[in-house]
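Trainee: Sharing a structure, written as structure tokens. Questions coming.
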Amino acid sequence: MQLLDVREPSEHAEFNIGGKLLPLGKIVGMQIDDIEDWKDKEVICYCRSGNRSGQACQYLAMMGFNNTKNLSGGMIAWQKLK
């Protein structure tokens, strides 16, 4: 399983759970070289609320990623569980 943080660098710097940072804009722009070898792995995408990560899952699926999942509620929901 791979964790993919699709937030902006400033958001990631404030709080992160160790996922690889790749902002949604780079995914939309198909700048995914850093995660190309994740195509056959489970990829959990997350953002602040779950909206951007949902979009990231859709874009990644179109680019051949076979097992993407959106962290529902994003970091907002994750922090509430702690």
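Trainee: Can you pull out every residue in the stretch 46-82 that is within 17 Å of VAL28 (Cβ to Cβ) and more than 12 Å from the chain's Cα centre (by Cα)?
Mentor: Of everything in the stretch 46-82, those that are within 17 Å of VAL28 (Cβ to Cβ) and more than 12 Å from the chain's Cα centre (by Cα) turn out to be ALA61, MET62, MET63, GLY64, PHE65.
Trainee: What about SER72, is it over 13 Å from GLN2 (Cα atoms), of a type in the set (Gly, Ala, Ser) and either in contact (Cβ under 8 Å) with a residue 24 or more places away in the chain or surrounded by 13 or more Cβ atoms within 10 Å (Cβ to Cβ) (or both)?
Mentor: Taking the combined requirement at face value, the residue does not satisfy it.
Trainee: While we're here: Could you list all residues from the stretch 1-13 that are exposed (fewer than 10 other Cβ atoms within 10 Å of the Cβ) and either under 17 Å from THR68 (Cα atoms) or of a type in the set (Asp, Glu) (or both)?
Mentor: Listed by number, the list holds a single entry, MET1.
Trainee: OK, next. Among the candidates ILE17, ILE44, ILE27, single out the residue that is of a type in the set (Val, Ile, Thr), surrounded by 12 or more Cβ atoms within 10 Å (Cβ to Cβ) and within 15 Å of GLY64 (Cβ to Cβ).
Mentor: Exactly one residue qualifies, and that residue is ILE27.
Since every read-out is calculated from the coordinates, none of them should be taken as a lab result. Since we're looking at a predicted model, the values are computed, not measured. Because the Cβ atoms are built from the backbone with ideal geometry, glycine has one as well, and the counts that use them run over all protein chains shown.
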